[in-house]
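Read the structure below first, then the notes.
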Amino acid sequence: MSMDRWLVLGGGLALIGLIVWLFWLKRSTGSRASEAVSGYQEAMILVKGGYTPDTIIVRAGRPVRLNFRREETASCSDKVIFADFGKSAHLPTGTIVPVELLPKETGVYEFACPMGMFRGRLVVE
Amino acid sequence: MHNKNRVVSGTNGSDTVMRVKAPPGAARLHRMELKLDGLSCPSCSRKVEEAIRKLAGVVAAHVNPASKTAQVDYDPRHVEVGAIIREIRQTGFGVGSATTRISIRNLHCASCVTRIELALQMTPGVVAARASTLTNTVEVDYLPEQTSFDKLRNAIESVGYRVEVPPVVDEGVADPAEAAQQAEYRLLMRKFWLAATISIPVIALSYPDLVPGLSDWMPMGSTTRRLVWAVLGIVSLPVLVWSGSQFFIGLWDGLRHRSANMHTLIAIGITAAYLYSLVAVGFPGLFPRPELAEVFWDVTTVVVALVVLGLALEIKAKGRTSEAIKKLIGLQAKMARVLRDGREIELPVEEVVVGDVLVVKPGDKIAVDGEVIEGASAVDESMITGESMPIEKHPGDEVIGATLNKTGSFRFRATKVGKDTALASIIRMVRDAQGSKAPIQRVVDTVSGYFVPAVMILAILAFVAWYLLGPEPRLVYATIVLVTTLIIACPCALGLATPTSLTVGIGKGAEHGILIRSGDALQSAEKLDAVILDKTGTITRGEPELTDVVATDFIESDVLRLAASLERGSEHPLGEAIVKGAEARALSLSEASGFSAIAGHGVRGEVDGRTILLGNAKLMRDRDIVIESLSTTWEQMAADGKTPMFVAVDGMLAGLVAVADRVKEDSESAVAALEALGIEVVMLTGDNERTARAIARQVGIERVLAEVLPDDKAHEVQKLQLEGKTVGMVGDGINDAPALAQADVGFAIGTGTDVAIEASDVTLIKGSLVGVVTAIEISRATMRNVRQNLVGAFGYNVAGIPIAMGVLYPFIGLLLSPLIAAAAMAFSSVTVVSNANRLRYFTPGRSAE
């Protein structure tokens, strides 16, 4: 096999490795929701090209309030869905929309926009 | 008040009205009455009473569980209304307060906020007030019984602020998202036109050998050709940078969040094509045969043009999926004619407060929910309930906001305003449901999490394979395959498949007066094998009516007149039915005297100097009244599910009056339609077997569960589920709440403005069983549509990606052009959305009325 072929093969495999690592293996540690005086565990989430932060860590059994602020107009992100909680919220651009949940059991709960382009996780400990 | 125990026990109305003795020094005390929500058990009322009494400043508190009210005597100097209400809420009950939003003209500073809030909080009846300088509004929670809009306005104006008219539009009803969508559409179309315009010369000049004459002017390998191609590269750049900007923004945002989507794929695809062309033009020497260094500028521009057009069309089509909700929002009345200080004034509907009296003239839209207090008319409620016939309204009847008054004029008192109205609740429920997910979507979610990275990996594999093993020119083929694979993959079609159909299906339900709570409910309703129908109020009207009058030697109307006179003033449903029946026949009733109830048997009394007995056979026999002449008729009526009662006058049998809870007109056809859908229909009732069977016969139900205690209804549902069936339960949502919750799908038959029935998965606004049939049909149609979409979207990707990778090339020499891939990709999502839009033409078929 000629040199260029080896290069293409090596480069291709390296790229595949990078994709696997970038999208599937690397996990953000997530940010912990702060406990407010009201008794809610609160976190602010920016909706712009994704959810920032996209992993929120909360404690089980206490109410959670996630304040979404959308700063873009892409069609998918106008809604956020918490399928496991049966909740959804409309996110008009530029307004803060609180979503309140009560996670009773520990586990990882995903939230996403209706087409699944943006994804986030609620880690309940 | 007559207190009766009857032959057939009806409702058990326990009245425990308490009278509060005015405490000493009452002049300084305030008394208020609060409406309590969620108060269902007698012990709860004690809990609430104790909680309020504990507060300093509260002198007395009495809770009436029957009327669900709390009467509180308190000293306003020591305790605030808000504190009392907070205390009640902490015991777990709601207080019937309403919220209104008032715009204020000169609200600028932070200190204004406190002044306005304080002024409002000092106003009797205000629970809480929140002012905001951001929106220049104040939101007031108030007790409708205690205050009025004028009082709130006075309070605000007393501290120097002006109430602005018209106030803000309620955000729950307006739709700012639509404007954003329109702007997005126009921007995408502009991007498309730029890309399309540039694409035409780019295509022509990229393939000069295909255009007659051009190949002579710029032959292969000539400097002219290279120069022209270099110019094309510059011309294509704006398409890449501006028309395709959203792909790069999406790529970048996605990378930062370690997620990938359709934008990622397109961005990589068009970049690869552009870079390749750049190298081909700039450094042809890198290619084994420089004259073969071709350009793919056309791929860049055409892919951008097609995909952007696809996105724009998708926005348009998606806009149509939410047509139903837009229609609902458009129903909202803008202005209301309100009676204030004895004058009729036109007000924006947001300013109407609970307790206002509204004037409605022929042709008017009814502004808010309320109760008719004067006048009569026919009202078209089709937009809310789906019921096409206008409904007669008389004093005491409920009217629903956004419905249309037809013929007469009337006045009504507002009972629900703003976000509490039936329409606002419907809009909220439909929106929530449209945003929810069907279980089927979870599969898609799992797949789509891996989809885009997987496509990128496949594209790289294809590139490497073609480079290593493919025919010459290998680099050209490998690049085409890479770009085509990236572009043909369409994660969007997958993502759109379920939500769009759900949006249309749930919206369609709302148009027919059927509120489907969630995607879950919609998916479960499709699979129902059995539907349990509660008898009273579901199959039947729930109100007994006079059905028969039979006389022996008397005149029929006399028998009825005497029986009705005896029952006048009765609060027993059977008695009321007899009185109503007599009134309907325009009989003039007399006064009864010496009335007494004979527990378990009937009633006696004197009317026009004659002794009247009304009751069962035992009552008659005990008094030696011969009833044999009518006993067969009695038996027959009882077998038909009626409640017949003997009437005796002065010790002689005079006749029979029969009362029955009549079957709703369309119950029979609904049962037949359910059976036609292959669903087993079961009737459930607390009534005796005989009455139950009679009703079941009338509507064509074979399986009857009679004499079921209210607490056992849920158990019966469970028993049917244990037979392996998916069970739907239809009931009124109040008495049947546990059974509705137990069922796989709980259908609540609603009446009037109370649409938000908690225990139900589906609420039928129009109190007809036909709604159950329509709901099941909608669910079947929607789920069928979802499956078509999913099969289409999965099939498209499963077939398209390998073809794009070139697996067919070794066999039949087929290799896709990136241009075709772009067209396929752009129109696959449009196809999915258009298919979902077909659901808009759904009409209830078998339940044809």
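Here are the criteria: (1) without any contact (Cβ under 8 Å) to a residue 24 or more places away in the chain; (2) open to solvent by less than 70 Å² (accessible area, probe 1.4 Å). Tell me which single one B:ILE627 does not satisfy.
Among (1) without any contact (Cβ under 8 Å) to a residue 24 or more places away in the chain; (2) open to solvent by less than 70 Å² (accessible area, probe 1.4 Å), B:ILE627 violates only (1).
What is the number of the single condition among (1) assigned to a strand (DSSP E or B); (2) touching a helix residue (DSSP H, G or I) at 6+ places or on another chain (Cβ under 6 Å); (3) surrounded by fewer than 21 Cβ atoms within 10 Å (Cβ to Cβ) that B:PHE646 does not meet?
Against the list (1) assigned to a strand (DSSP E or B); (2) touching a helix residue (DSSP H, G or I) at 6+ places or on another chain (Cβ under 6 Å); (3) surrounded by fewer than 21 Cβ atoms within 10 Å (Cβ to Cβ), B:PHE646 comes up short only on (3).
Among (1) at pLDDT below 90; (2) open to solvent by 10 Å² or more (accessible area, probe 1.4 Å), there is one condition B:THR685 misses while meeting the rest; what is its number?
The single condition B:THR685 does not satisfy is (2).
From the list B:ALA305, B:ALA317, pick out the single residue that is surrounded by 20 or more Cβ atoms within 10 Å (Cβ to Cβ), part of a helix (DSSP H, G or I), at pLDDT 80 or above and within 14 Å of chain A (Cβ to nearest Cβ).
Being surrounded by 20 or more Cβ atoms within 10 Å (Cβ to Cβ), part of a helix (DSSP H, G or I), at pLDDT 80 or above and within 14 Å of chain A (Cβ to nearest Cβ) holds for just one of B:ALA305, B:ALA317, which is B:ALA317.
All but one of (1) touching a helix residue (DSSP H, G or I) at 6+ places or on another chain (Cβ under 6 Å); (2) within 13 Å of chain A (Cβ to nearest Cβ); (3) within 26 Å of A:LEU7 (Cβ to Cβ); (4) in contact (Cβ under 8 Å) with a residue 12 or more places away in the chain hold for B:ILE487; which doesn't?
(2)
For the stretch A:9-19, does any single residue satisfy the condition of being crowded, with 19+ Cβ neighbours inside 10 Å and within 30 Å of B:ALA433 (Cβ to Cβ)?
No, the stretch A:9-19 has no match at all.
For the stretch B:716-743, give me each residue that is assigned to a helix (DSSP H, G or I) and open to solvent by 90 Å² or more (accessible area, probe 1.4 Å). Spell out the reasoning first.
Initial filter on the stretch B:716-743 (assigned to a helix (DSSP H, G or I)): B:716-722, B:737-742.
Correct list: B:LYS719, B:LEU722.
Looking at the stretch B:523-540, is at least one residue within 14 Å of chain A (Cβ to nearest Cβ) and more than 30 Å from B:LEU614 (Cβ to Cβ)? Show your work before the answer.
So the first thing to find is which residues in the stretch B:523-540 are within 14 Å of chain A (Cβ to nearest Cβ), and the list is B:523-524.
After this cut, where a residue has to be more than 30 Å from B:LEU614 (Cβ to Cβ) as well, the list is B:523-524.
Yes.
Assuming B:GLN788 fulfils every condition listed in (1) over 16 Å from B:LEU528 (Cβ atoms); (2) crowded, with 18+ Cβ neighbours inside 10 Å apart from one, which condition is it?
It is condition (2) that B:GLN788 fails.
If you go through the stretch B:536-578 one residue at a time, how many are farther than 22 Å from B:THR685 by Cβ, open to solvent by 20 Å² or more (accessible area, probe 1.4 Å) and under 40 Å from the mean Cα position of the chain (by Cα)?
1
Can you give me the number of residues within the stretch B:582-615 that are within 20 Å of B:SER557 (Cα to Cα) and open to solvent by 30 Å² or more (accessible area, probe 1.4 Å)? Steps first, answer last, please.
Here is the first cut: in the stretch B:582-615, the residues within 20 Å of B:SER557 (Cα to Cα) are B:582-592, B:603-615.
Next, only the ones that are open to solvent by 30 Å² or more (accessible area, probe 1.4 Å) stay: B:583-589, B:591-592, B:604, B:606, B:608-611.
The number of residues fulfilling the criteria is 15.
Taking helices (runs of 4 or more DSSP H) that fall entirely within the stretch B:177-289, which contain at least 1 residues that are within 45 Å of the chain's Cα centre (by Cα)?
Working: elements: B:214-217, B:223-238, B:245-256, B:262-282.
The qualifying helices (runs of 4 or more DSSP H) are B:245-256, B:262-282.
Among what's in the stretch A:76-117 and is in contact with a His (Cβ under 9 Å, 6 or more places away or on another chain) and within 7 Å of chain B (Cβ to nearest Cβ), pick the residue that is surrounded by the most Cβ atoms within 10 Å (Cβ to Cβ).
Filtering the stretch A:76-117 down to residues in contact with a His (Cβ under 9 Å, 6 or more places away or on another chain) leaves A:78-80, A:97, A:117.
When the remaining residues are screened for being within 7 Å of chain B (Cβ to nearest Cβ), the result is A:78-79, A:117.
Details: A:ASP78: 21, A:LYS79: 20, A:MET117: 27.
If we take residues in the stretch A:76-117 being in contact with a His (Cβ under 9 Å, 6 or more places away or on another chain) and within 7 Å of chain B (Cβ to nearest Cβ), then A:MET117 is surrounded by the most Cβ atoms within 10 Å (Cβ to Cβ).
Can you tell me how many residues in the stretch A:52-75 are away from every other protein chain (no Cβ under 14 Å) and either open to solvent by 40 Å² or more (accessible area, probe 1.4 Å) or of a type in the set (A, V, I, L, M) (or both)?
Restricting attention to the stretch A:52-75, the residues satisfying the condition of being away from every other protein chain (no Cβ under 14 Å) are A:57-67, A:69.
Applying the additional criterion that residues be either open to solvent by 40 Å² or more (accessible area, probe 1.4 Å) or of a type in the set (A, V, I, L, M) (or both) yields A:57-66, A:69.
Number of matching residues: 11.
Tally up the residues in the stretch B:246-271 that are away from chain A (no Cβ under 12 Å) and open to solvent by 10 Å² or more (accessible area, probe 1.4 Å), please.
1
Matching residues to (1) closer than 24 Å to B:VAL833 by Cα; (2) free of Cβ contacts under 8 Å to residues at least 60 places away in the same chain; (3) within 22 Å of the chain's Cα centre (by Cα):
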{"position": "B:GLU314", "(1), (2), (3)": "yes, no, no"}
{"position": "B:ALA324", "(1), (2), (3)": "yes, no, yes"}
{"position": "B:LYS327", "(1), (2), (3)": "yes, no, yes"}
{"position": "B:ALA333", "(1), (2), (3)": "no, no, yes"}
{"position": "B:ARG340", "(1), (2), (3)": "no, no, no"}
{"position": "B:GLU344", "(1), (2), (3)": "no, yes, no"}
{"position": "B:ASP356", "(1), (2), (3)": "no, no, no"}
{"position": "B:PRO362", "(1), (2), (3)": "no, yes, no"}
{"position": "B:ALA367", "(1), (2), (3)": "no, yes, yes"}
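Looking only at the stretch B:452-462, which residues are at the interface with chain A (Cβ under 9 Å from one of its Cβ atoms) and open to solvent by less than 30 Å² (accessible area, probe 1.4 Å)?
B:VAL452, B:PRO453, B:MET456, B:ILE457, B:ILE460
So, A:ALA43, is that one of a type in the set (A, V, I, L, M), facing chain B (nearest Cβ under 9 Å) and either surrounded by 18 or more Cβ atoms within 10 Å (Cβ to Cβ) or more than 26 Å from B:ILE249 (Cβ to Cβ) (or both) or not?
Here the answer is no, as A:ALA43 does not meet what is asked.
The values are calculated or read from the model by the stated rules, or taken from the named source; none is laboratory data. All figures in this text were calculated on a predicted structure; none of them were measured in a lab. Using ideal geometry, Cβ is built from the backbone for each residue, glycine included, and neighbour counts are taken over all protein chains shown. The area values use the complete protein model at the heavy-atom level, side chains included, leaving out ligands, DNA and RNA. Shrake-Rupley method; radii C 1.70, N 1.55, O 1.52, S 1.80 Å.
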